[in-house]
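Taking it in order: structure first as structure tokens, then the write-up.
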Amino acid sequence: MRDKHAAIDYNARHEVADQWLTTAERQLRTGLWRPAPIEADIAWDLSTASALVHTSAPPWPEEPLDLRLARLAHCAPAIRLGMLAGGWGLPAAEAAPPGPDTQVGLPALLAAVYPLAAAAERWADLCGSIRRGQAGGIPDETAAYEAIAAGVPGILNHLAHLETFFGGSASFALKLDVVATVDVDSLP
């Protein structure tokens with residue numbers, strides 16, 4: 001279920017995912033959402049699978065574009081596997097923002113976050129196809145960036161957000177830990 005096009009409305013995906021995370025956090029804090037055992041188990045596994053390992057806080061603009069994308073590209077398949085493990089299937093469409101009466105569950109939360117991860121996966125595919133060693137590859141980082149930036153306007157800003165979203169001090173992986181343990185005191 002990969003994005004077919006590099007040109008997406010990234011900002012809209014970001015906004016919807018943030019709204020779902022905020023709603024999930026609020027419902028966890030108030031006790032309105034108590035994750036089912038399968039949700040807790042899958043959240044725990046996904047928190048490990050989607051964590052970004054690095055020695056410094058994100059974003060990481062000093063690193064090569066293909067490395068930054070490769071680090072993020074594993075999040076989408078991890079989410080897909082988590083959704084399949086839960087028996088929830090893959091999202092058929094992008095998530096709508098949560099309404100005032102929306103009850104959060106892990107399937108809806110993953111469906112809202114998945115489009116961000118899928119964008120990173122698609123961009124990593126594009127970057128891989130323009131790098132040296134690939135048919136028609138581009139020999140250096142500057143040329144590779146220029147090629148991908150033409151198809152993905154604002155990619156550096158998007159990458160900085162994704163690195164923080166998936167790897168920052170209040171990251172998606174850490175929030176999944178809270179879903180798994182219902183330890184709301186560990187939320188920032």
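Coordinate-derived values only; no laboratory data. Not measured: the values here are computed from a predicted model. Ideal geometry is used to build each Cβ from the backbone, glycine not excepted, and the neighbour counts take in all protein chains shown.
What does the net charge come to around Glu163 if you take all other residues with beta carbon closer than 13 Å to its beta carbon, with K and R at +1 and D and E at -1? Intermediate results must be reported in sequence, preceding the final value.
Values: positive: Arg68, Arg71; negative: Glu62, Glu63.
For residues surrounding Glu163, the net value is 0.
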Distance in nm between pseudo-label sites at Gln19 and Ala49 (7 Å out along the Cβ direction from Cα): 2.7 nm
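By per-residue mean of other Cβ atoms within 10 Å, what is the highest-first order of 144-155, 50-61? Before the final figure, lay out each step's value.
Numbers: 144-155: 16.3, 50-61: 14.3.
For the peptides 144-155, 50-61, the packing ranking is 144-155, 50-61.
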So for the pair Thr30, Asp101, with labels modelled 7 Å out along Cα→Cβ, what separation do we get in nm? 1.4 nm
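Sorting Arg34, Arg29 on the 10 Å Cβ count, fewest up front, what's the list?
Details: Arg34 10, Arg29 13.
Arranged by neighbour count, lowest to highest, Arg34, Arg29 become Arg34, Arg29.
Express in % the proportion of alpha carbon pairs of the range 10-186 at distances exceeding 30 Å. Intermediate values should be presented prior to the final figure.
Working: 3081 of 15576 pairs.
Tail of the P(r) past 30 Å holds 20 percent of the pairs.
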